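Following: one structure in structure tokens, then a few remarks.
The values are calculated or read from the model by the stated rules, or taken from the named source; none is laboratory data. The structure displayed is predicted, hence computed values, not measured ones. FYI the Cβ positions are ideal-geometry reconstructions off the backbone, even for glycines, and counts take in every protein chain you see. Note: accessible area is taken over every heavy atom of the protein model, side chains too, but ligands, DNA and RNA are not part of it. Shrake-Rupley method; radii C 1.70, N 1.55, O 1.52, S 1.80 Å.
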Amino acid sequence: MKKKLTIGILAHVDAGKTTLSEALLFLSGKIRKLGRVDHKNTYLDTHYVERERGITIFSKQARFSSESCDFILLDTPGHVDFSAETERTLSLLDYAILVISAPDGLQNHTRTLWQLLEFYGIPTFIFVNKTDISIKLKDEIEYELTSALSKCCVAFHEKQTLSERDEKLALVNEDLLDAFLDGETIDDGDIATLISERRLFPCLFGSALRMEGVEFLLNTIDKYTLAPVYSSPQFGAKVYKINRSGGMRLTYMKVTGGSLSSRDEISYISVDGKRITEKVNSIRLYSGDKFDQVDSVSAGEICAVVGLSATYVGQGLGMECDTCKPILEPVLSFRIELPSGCDPVLYLPKLKELEEEEPSLHLSWNEELRQIEAHLMGDIQIDLLKRMISDRFSIDCEFGTGRILYKEKIAKRTVGVGHFEPLRHYAEVQFLIEPQPKGTGLIYDTNLPENILEINWQRLILSHLYEKTHRGTLTGAPLTDTKITLVAAKAHLKHTEGGDFREATYRAVRHGLMKAGCVLLEPYYKLRLETPNSFVGRAMADLQSMSCEFEIESSDEAVSVISGKGPVAELHGYTRELISYTRGEGRLSLVFDGYLPCHNTEDVVAKANYDPEADLENTPHSVFCEHGAGFVVPWQEVDSHKHLDAGISLSSSEITIIPRASGLAKKYDLSDDELEAIMLREFGPIRRKKYTEPKKISADQDLRKQKKRELSPQKGLVIVDGYNVIHSWDALKELAEFSLEKAREALMDILSNYVAYTKTELTLVFDAYLVKDGMGSDFIHDGYRVVYTREDETADTFIEKMMHELGPNYNIRMVTGDRLLQFSAVRSGILRMTAKEFEDEVTAVGNAITDFVKKLSETQK
């Protein structure tokens, strides 16, 4: 039986991705004539905008077969502006082909795609295209891929012998090395397993335009892939695209379980929370812009379904859950300026059709300014949206200047109270509102027994939380990274209606935000800047002036690489400036890195000029009833009027928010002079006794003192702050960017050698305070102690506690770069050592071990 695989082709723009798709289709016999991008006649780029610009904008699918496999090929956009479209297809893929242009080398967007493939766990084949016009040798390209992407990248050549292939494979995997050393030929099944587990990445070379290496690529994929297993008989599907054709709404999905037939009923929940049951009118299998209509499809198939009116991109049907929020998301908002005479209120529902097809647009209505706004990635996406609006609705619109999309989070833990009690109505709601770490989003929960409030009322309150976009109090920006838990609520048996809890819920959230205040967040980019060495100073000065945090990642004789992060508001548009002053030799990669506290909060707040109490749609005030009439109570006085007491303690110890280790280091980074001043203020100047000649003592007195010292000897102990060392040692820091787990393992291996050679008692502490429900762990590894802290316990806290407990009985050395820990160590009489000093010591030990092994081997000879 043939395998059925869904493969996707990903690449930076102009790497030859669509040309490779054409070559695969031609080679398999799917098309009779090769199309070309510059001739505007490719099989998959069917939209007129794609052919005009010569780039892929919409993901398309094609079907072809080889001797043992049926393929569904997904061609994805390569331009950065359409990264969200590419990311949506990744959850559908069984395997991916990453195309890299040999003349251009690894582009910044290629690195982003590699990180996405790693995040989604997609097995990947690498095809290096355009080798016919590249001056680089294949070995040079392989070394570049191995250095920049993964050590598991291995070149597969068409004229390669089995022994040459096996020798390369043996160098990247211990199991294959054992088989190779035993003289065995490495089995194809073992290679396929490693590829499927992302422990091996075959690299192939060729020219798609000249059909060189394409057949070898197809044969390699055919040979070293495993058929996906769909074990569940229950229907499941992932929706990845919405489109319209001939007035019909098409829902594109991949079936992941069971089967789907025409006239089957599908029950699902729409965006607004309503459960809908609809029949499937027809099922289409698309290849290019053509389709075949079928009666049924089974698991593993990608199809377009007619008849579903309220599905949305990212939705899970049947047994499938909704897919997670995309990593790449727009950070700019643009005003859509409609022609005069066009009412924005009337056109908003029409434009919402475009949002169904492209969810990253996120069209919204700004009631205050009475305008339609769209969230977009860049200029090409703006041009495309203009053309789509013109074609579909016959109007020509313009877009205003883009503005940054800010967000807010609550500043500290608090309880918000909302009370709604006009005459013959009653509802009171209380929420525990807490700040959460970066990237958490909004979390809604309930911690209220059913005997206090019926479950149907609790569900209604949660539904009201979900239905509204909650806004902060500084600029009115959307709320994020906040947890809202229902802790108290009350209904009246006779007077409470559903709308009462809606009003109380909205007011309770707003009341809590007003009490605790908000923190303004802005989008940040993770940056990677490559520049000739002559322009490094200019680049660093620019980054510093733009409030970026950065460091030099690497540097050679010609080029330096700077990595870090910075605000989108400052970095947006800097690429053009970089290209200008480096004369086209500089490169800048910008990847969305989430929301962090704003670098110029006061300026943004002043410019927004937002009055939270004047926002009638988000009022913090409550309505109480007295003497048969309702009256409004200002939010400052609501706590004194509330009817319930949630019993939540808000002591200072409970509301402390522990920032990440990097945040602590930045916040409490003390210079040596500042530390010295604190020590002088705490302990006064250093006073030493004047030197006097030692007194002569008898032999009996000396013996008694020696015995006394022997009764209470001090043991030596080294305490290592694990993550501080990882982020201080260059080799471990570079490894941590790809895998923090591997960095931990590498540090533990280094310390194993150190402890074994020096016979030192050592404790390695890792910070796990953000691990939910984490119980911590404490174990012995290769003769030394390894500790993972509990939830809500930082490594700093554990180390301080350990220093105070063991200080009198141990001669302790503490390894950390944290200034507060160093200060605490000095107060406890403990020796402190920086991570750099410890690295020098460990390196010296490693050199000593190497010398010892050399001498031992020479002696044995």
Within the stretch 172-262, which strands (runs of 3 or more DSSP E) (wholly inside it) include 3 or more residues that are under 26 Å from Lys130 (Cβ atoms)? 201-205
Being in a loop (DSSP other than H, G, I, E, B) and open to solvent by less than 40 Å² (accessible area, probe 1.4 Å) is the filter here; which residues of the stretch 14-30 pass it? Ala15, Gly16, Ser28
Matching residues in the stretch 505-530 (in contact with a Phe, Trp or Tyr (Cβ under 9 Å, 6 or more places away or on another chain), buried (at least 23 other Cβ atoms within 10 Å of the Cβ) and within 14 Å of Val417 (Cβ to Cβ)) number 7
Which of the residues that make up the stretch 104-121 are assigned to a loop (DSSP other than H, G, I, E, B) and in contact with a helix residue (DSSP H, G or I) (Cβ under 6 Å, 6 or more places away or on another chain)? Leu106
Given the stretch 424-504, what strands (runs of 3 or more DSSP E) lie entirely inside it while holding 3 or more residues that are open to solvent by less than 50 Å² (accessible area, probe 1.4 Å) and farther than 21 Å from Cys518 by Cβ? 482-491
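A quick yes/no check of all residues on (1) open to solvent by 30 Å² or more (accessible area, probe 1.4 Å); (2) over 20 Å from Asp730 (Cβ atoms):
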residue: Pro532; (1), (2): no, yes
residue: Phe550; (1), (2): yes, no
residue: Glu570; (1), (2): yes, yes
residue: Ile579; (1), (2): yes, yes
residue: Gly586; (1), (2): no, yes
Name the pairs whose Cβ atoms lie under 6 Å apart, with the first residue in the stretch 778-789 and surrounded by 20 or more Cβ atoms within 10 Å (Cβ to Cβ), the second assigned to a strand (DSSP E or B) and among the polar types (S, T, N, Q), and 6 or more positions between them or separate chains? Tyr788/Ser777
Quick one: how many residues across the stretch 61-106 are open to solvent by 20 Å² or more (accessible area, probe 1.4 Å) and touching a Ser or Thr at 6+ places or on another chain (Cβ under 7 Å)? 6
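One line per residue, one yes/no per condition, for (1) more than 27 Å from Glu530 (Cα to Cα); (2) in contact with a strand residue (DSSP E or B) (Cβ under 9 Å, 6 or more places away or on another chain):
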| position | (1), (2) |
| --- | --- |
| His572 | no, yes |
| Glu577 | no, no |
| Leu588 | no, yes |
| Gly594 | no, yes |
| Cys598 | no, yes |
| Glu602 | yes, no |
What pairs come up if the first residue lies in the stretch 87-110 and is more than 26 Å from Leu529 (Cα to Cα) and of a type in the set (Asp, Glu), the second is in a loop (DSSP other than H, G, I, E, B) and at pLDDT 85 or above, and their beta carbons are under 6 Å apart, counting only those six or more places apart or on different chains? Asp94/Pro228
Would the stretch 381-398 turn up any residue that is outside any helix (DSSP H, G or I) and closer than 25 Å to Gly476 by Cα? no
So which strands (runs of 3 or more DSSP E) stay within the stretch 531-641 end to end and still have 1 or more residues that are in contact with a Gly (Cβ under 7 Å, 6 or more places away or on another chain), of a type outside the set (Phe, Trp, Tyr) and farther than 25 Å from Asp379 by Cα? 549-555, 622-626
Among the residues listed as Lys151, Lys138, Lys130, the single one being surrounded by fewer than 21 Cβ atoms within 10 Å (Cβ to Cβ), out of contact with any helix residue (DSSP H, G or I) (no Cβ under 8 Å at 6 or more places or on another chain) and of a type outside the set (Val, Ile, Thr): Lys151
Only residues in the stretch 720-738 that are assigned to a loop (DSSP other than H, G, I, E, B) count as the first member; pair them with residues that are among the aliphatic types (A, V, I, L, M), Cβ under 6 angstrom, at least 6 apart or cross-chain, and list the lot. Ser728/Ala835
Has the stretch 414-425 got any residue that is more than 34 Å from the chain's Cα centre (by Cα), within 27 Å of His511 (Cα to Cα) and of a type in the set (D, E, K, R)? yes
From the set of residues in the stretch 262-292 that are surrounded by fewer than 12 Cβ atoms within 10 Å (Cβ to Cβ) and among the polar types (S, T, N, Q), which is nearest to Met319 (Cα to Cα)? Ser267
Looking at the stretch 162-185, which of its residues are open to solvent by 100 Å² or more (accessible area, probe 1.4 Å), within 17 Å of Lys151 (Cβ to Cβ) and among the hydrophobic types (A, V, I, L, M, F, W, C)? Leu171
